[in-house]
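The structure appears below as structure tokens.
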Amino acid sequence: MAAKDYLDVKKDDSDKRKQIVSLSPKALRLMPEFEMLWNSCEAAIIKVLQEDLTILKYLDTIEASLEETSFYYRFKQEYKNQLK
């Protein structure tokens, strides 16, 4: 996004490892268009789901489960079980 001039990226003066990221003037000028695109995408997704948003609850459950135990750890365990 920085390459397309939507973000301004600057190094932090006190800590050179940090980067300060902000919207560029170009991005701010286009914000109403971005919001319209976002709203259109959101409306299309809701129509695809036919107003049934239970999938979002399911995704929240998956996310919480993966925060508790990572997919990588689960994969390693399954792989080790296959080797037995």
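Would you please list the contacts, defined by Cβ atoms under 6 Å and residues six or more apart or on different chains, that run from a residue in the stretch 2-17 that is without any contact (Cβ under 8 Å) to a residue 12 or more places away in the chain to a residue that is basic (Lys, Arg)?
ASP12/LYS18
Taking the stretch 34-59 only, how many residues are modelled with pLDDT of 95 or more and not hydrophobic (A, V, I, L, M, F, W, C)?
3
On the given criteria, is GLU67 exposed (fewer than 10 other Cβ atoms within 10 Å of the Cβ) and within 18 Å of the chain's Cα centre (by Cα)? Spell out the reasoning first.
Details: exposed (fewer than 10 other Cβ atoms within 10 Å of the Cβ): yes; within 18 Å of the chain's Cα centre (by Cα): yes.
In short, yes.
The values are calculated or read from the model by the stated rules, or taken from the named source; none is laboratory data. What you see is a predicted model; the values in this text were computed from it and never measured. We place every Cβ from the backbone using ideal geometry, glycine too, and count neighbours over all the protein chains shown.
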